[in-house]
Amino acid sequence: MPAHARYTDAELNTLRTTLKFTRPDLLYTGTLFAPDGTPFTLPRNEGRKKVGPTILDMIERVMVEQPLQLPAPSKAARQSASHQVAVKSVAVPPKKPQPVLTWRIRPSDSFFDFDAEAPAGQRYTLKSSLVSGGELVTTGAHADFLRVDKLTTISLNEVAFKLAIGIMGSIEQAHEWITGLARDAWADDLTRSAALYDAIRAAGGSVPETPELRSLRPISSVSGDIEHVILRQACTWLGVDPDMDCSRKRGRPRTSTDAGTTEAGKFIAVTISRAGELSARMVKEYRGIPSDIELVAVPLLMLVEMLGALRGDHGTERDADLLEAYLDATAPDWRNAAGAGPQVAEASFTATAEADAYEILGVAPGTPFEEVTKAYRATMQRIHPDTTNLPRYLSALVAAAYRKIKGDHNAQSAGSAQEEV
């Protein structure tokens, strides 16, 4: 395969090197039906190529709303009057469904675009974003798919590519090395994707995400991973241990106050200063959290709630990754502190409605704030996870409800004080 390099200006005016090569993929073989019932037999033949949806096009990861399921109390707990009071106060009937990350087979009609001006029988066409193609390979097929070799590219930082040339000795050898790494990475992705598809099919076409299924998600940072491999190899080439500890020694004076490096999504920007300090802020309002606020000023539970929402919304994966990285760096125990294991980071709970907040605390709306505080303290004594076997989720829910009522109370008090003045 001849080496292919093309240099283009990227968004940050950084030169990138694009390498072209072929890699394996799996195309769906079967029939999809348009909303009007028109059958589309796949894959289609286009010259020497087979064209159709890939195995990853056939599945999707979405938020599905399900009723909130609280754990059943033990026999001993049911016999405890104090526990019964606690459950009555906080186990609110699931009026609002709980969003759950779910993998499912993509609905057939979502593969099609509609053109009202086209002739009858031709108004539905396959979406170009869900169609790929390649040359048929006779080995390595899957039950519902054909194996093809498809032309693709990988984009690397120009300097990383030049380091690879220096390490390998020539452009051709560097190209062969890098594309070989990329092919292996995508082949591993394909194996995981097939296992994920099989798991979804075995569950009847839809299954809530679990840690095991999450581990089968394809890697979206192949370029970054390969650049990392090149840099590690360059360290070894230069006689530097790539695993050496480069952390700043305690007590060392700061030598720079520059802003440092910033990574930003649609809503969140994370900055690493030249001194190694991490900070994050909102660049745009999101679900009630205003723009320009520093995340250090946002309560942990609210950040966890925002992370769950970002994981569920479309097009906010980058923000979710940035927020999760920020939480991991600034509060390593945030998952346990927030309520429960890793699943809390992929779902959300809210207590924003004032009526719901009063109901959670077991008091009527309009109850004097002093009485609300007494109810809050009494409830927390009965359900706190340090003294009971109840889940942390309940104490977090009660605390969120109390914060809501307290915030509204403080705002009303401040407004009344201004009117008197």
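The values are calculated or read from the model by the stated rules, or taken from the named source; none is laboratory data. It should be emphasised that the depicted structure is a prediction, and the values quoted were computed from it without experimental measurement. Please note: Cβ atoms are built from the backbone with ideal geometry, for glycine as well, and neighbour counts cover all protein chains shown.
Structure notes:
- Screening ARG392, ARG382 for residues that are of a type in the set (D, E, K, R), outside the structural domain of VAL304 (by TED's automatic domain parsing), more than 29 Å from the chain's Cα centre (by Cα) and at pLDDT below 80 leaves exactly one candidate, ARG382.
- Only residues that are at pLDDT 90 or above and either of a type in the set (A, V, I, L, M) or within 17 Å of GLU324 (Cβ to Cβ) (or both) were counted in the range 271-292, giving 4.
The rows are residues; the columns are (1) of a type in the set (Val, Ile, Thr); (2) surrounded by 15 or more Cβ atoms within 10 Å (Cβ to Cβ); (3) touching an Asp or Glu at 6+ places or on another chain (Cβ under 6 Å).
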residue	(1), (2), (3)
GLU135	no, no, yes
PHE145	no, yes, no
THR152	yes, yes, no
ALA160	no, yes, yes
ALA164	no, yes, no
LEU181	no, yes, no
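- Within the range 353-369, one or more residues are at pLDDT 75 or above, outside any helix (DSSP H, G or I) and at positive phi.
- Of the residues making up the range 35-48, one or more are of a type in the set (A, V, I, L, M, F, W, C) and at pLDDT 85 or above.
- Residue in the range 189-226 that is modelled with the lowest pLDDT, counting only those that are part of a loop (DSSP other than H, G, I, E, B) and not small (Gly, Ala, Ser): ILE219
- Candidates PRO342, PRO299, filtered to the one that is modelled with pLDDT under 70 and either farther than 24 Å from ARG403 by Cα or surrounded by fewer than 14 Cβ atoms within 10 Å (Cβ to Cβ) (or both): PRO342
- Set VAL148, VAL137: member being in contact (Cβ under 8 Å) with a residue 40 or more places away in the chain and more than 32 Å from the chain's Cα centre (by Cα): VAL137
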